[in-house]
Amino acid sequence: MKILIIGSGGRENAIASAIKKSKKETEIYCAPGNGGTAEIAANVPIKQDDIKGLLSFALENKIDLTVVGPEIPLSMGIADKFTAAGLKIFGPDRKASLLESSKKFAKDFLRKYNIKTAEYESFTNFQDAQNFVKQKKHPLVIKASGLAAGKGVFISENAEESKKILDSIFNGKIFGKSGETVVIEDYIEGFELSYMIVADGASYKPLITSMDYKKIGDGDAGENTGGMGAVTPNPYVSEDLVDKINKTVIEPALEGLKKEGIKYKGILYAGLMIKGDEIYVLEFNVRFGDPETQAILIRLESDIIDLFLSVINENLKDYKLIFDDNKSICLVLASGGYPKDYKAGYEIFFDKKLHNRDQISESGAEYYIFHAGTKKINEKYFTDGGRVLNICAKGKGAEIADIVYDNAEKINFENKYCRKDIGKIYVRP
Ligand code: GLY
């Protein structure tokens, strides 16, 4: 079976590795891929936003299944184009992807279907937005409505700060078209949680719970990032809470999508804020989270190819989604300076035996190294992005954090940075 994975992060390396574990015979391609996918797939130099190029490649090479990692190709309608050409593709269509690519669409949708979310207004010009924030109590959350690579959300403490943010978005155009509409919402204080389900347009199944470490610094200090680590399960999430999220967020959202004429097929990722007994939706993503997926997929026991096909063929209800009962951690090794400016192109020194293969520690725990921002040149690996490598482990207890950090010590590149607290508080019994 020929499978094409679109994307170049740790998430895509983990998806490729899960596909490799299938009993089916596979030939995997990754566009554009990274240094890690180069080990288990053929990297194809086509960018994730070159939908025409990706479609031609898939048709010419008779790809049986395409799996889309990132949001950009989804928001550009890759699923619509592939499906129209008779190709099987995992990921929601363009209209469904508006849940992530337009914050205004998502907020209006939540309001329309009575799903709890912070009070908000949206604006298309500086003056109206500025008049609004002047009379609002702070803090406020200011969001560019379009895609902004995780950088489009600001928490503003006062009217002066709000003015500066709005000026940079509307007048400075820091997000280009993505900032033409701005959503301003009340700030909700609580505990943040990401929750993912997979849906086929008729039924859905929750993935195991996970927790993402969003901030750059230990103890959740500093700037927001794409994610500096993840653990599964999320130790703060009880079965009752999962039940409540399904009943008050996921099911009404899937029903609402149906009423809008949207058949939602793929992963739905809800970014939630839990405040007392209330569950607020902060945002939706229409794809697997990164790095949560790396920690989730190493615990997947059922065949991932069958999962993708059951969604595409709309028979998810017959698919048995099975995860093992371990705990897992994913630690991100990043380039120093990320999420702001950083230098790339440094050689990575590590034992190549570690790549992509399950390694068994003395305690019996399994660990994995996935690549994110890396590239392979003449059998050497170089840093090629902000988030460089993912070290993941699964096992029964606290030893998995030690395994991950022992491996982090053995991998070297210039300006290597990682948080020191990933999984330590949460996974230790
Ligand atoms: N880790 C957060 C995200 O994938 O959006």
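Taking a ≥ b ≥ c as the square roots of the eigenvalues of the Cα gyration tensor of the chain, is the shape rounded (a/c under 1.5), prolate (a/b larger than b/c) or oblate?
Working: a/c = 1.40, a/b = 1.25, b/c = 1.13.
Verdict is rounded for the chain.
Using DSSP to call loops (not H, G, I, E or B), can you name the GluC sites (Glu not before Pro) in region 1-89 whose Cβ has at most 12 other Cβ atoms within 10 angstrom? Mind dumping the intermediate values first?
Numbers: sites: 12, 25, 27, 39, 60, 71; in loops: 25.
Taking region 1-89 and a limit of 12 other Cβ atoms within 10 Å, the loop GluC sites (Glu not before Pro) found are 25.
Summing -39500 (n - 2.57) over the DSSP H runs of n ≥ 4 in the chain and dividing by its residue number, what mean residue ellipticity at 222 nm do you reach, to the nearest 500 deg cm²/dmol?
Numbers: 15 runs with 119 residues, N = 429.
Result for the chain: -7500 deg cm²/dmol, rounded to the nearest 500.
Just grab the label-to-label distance for residue 380 and residue 412, each label 7 Å out from Cα along the Cβ direction, in nm (one decimal).
Taking the two extended label points, one gets 1.5 nm.
Enumerate the lysines that residue 396 could reach by cross-link, defined here as Cα to Cα under 21 Å, with residues fewer than 8 away along the same chain left out.
List returned: 327, 420, 424.
Quick one: which of 163/265; 263/320; 52/317 span more than 30 angstrom between C-alpha atoms? Mind showing how you got there, number by number?
On the way: 163/265 39 Å; 263/320 21 Å; 52/317 33 Å.
With Cα atoms farther than 30 Å apart: 163/265; 52/317.
Report the label-to-label distance for residue 20 and residue 192 in nanometres (one decimal), using points 7 Å from each Cα along the Cα→Cβ vector.
Between residue 20 and residue 192, the simple spin-label model gives 3.2 nm.
Starting from the Kirkwood radius over alpha-carbon pairs of region 1-147, derive D by Stokes-Einstein at 10 °C in a medium of 1.306 mPa s and give it in µm² s⁻¹. Don't skip to the answer; put the middle values down first.
Details: Rh = 17.4 Å.
In µm²/s, the coefficient rounds to 91.
Calculate how many DSSP beta bridges within the chain are antiparallel, expressed in % of all such bridges and rounded to the nearest 5.
Numbers: 67 of 82 bridges.
Counting DSSP beta bridges with both partners in the chain, the antiparallel share is about 80 percent.
Mind putting a number on the dipole of the chain about its Cα centre? Charges go on the C-beta only, +1 for Lys and Arg and -1 for Asp and Glu, and I need it in Debye to the nearest 20.
Numbers: 60 positive and 62 negative charges, 154 e Å.
That gives a dipole near 740 debye.
Could you tell me the center-to-center distance, by alpha carbons, between region 160-231 and region 262-339 in angstrom?
16 Å
Rounded if a/c is under 1.5, else prolate if a/b is larger than b/c, else oblate: which is region 315-422, with a ≥ b ≥ c the root eigenvalues of its Cα gyration tensor? Each step should come with its number before you reach the end.
Numbers: a/c = 1.84, a/b = 1.58, b/c = 1.17.
Prolate is the answer for region 315-422, as a/c is 1.5 or above and a/b outweighs b/c.
With labels modelled as points extended 7 Å from the Cα through the Cβ direction, what inter-label distance (nm, one decimal) is found for residue 314 paired with residue 149?
Those two pseudo-labels are separated by 3.8 nm.
Mind listing the phi-derived Karplus ³J(HN,Hα) values for region 117-122, rounded to whole Hz, using 6.51, -1.76 and 1.60 with θ = phi - 60°, and x for any glycine or proline?
Ordered by residue, 3J(HN,Hα) equals 8, 4, 4, 7, 9, 10 Hz.
No value in this document is a laboratory result; all are computed from the given coordinates. Everything quoted here is computed from the prediction, not taken from an experiment. Note that each Cβ is placed from the backbone with ideal geometry, even for glycine, and that neighbours are counted across all protein chains shown.
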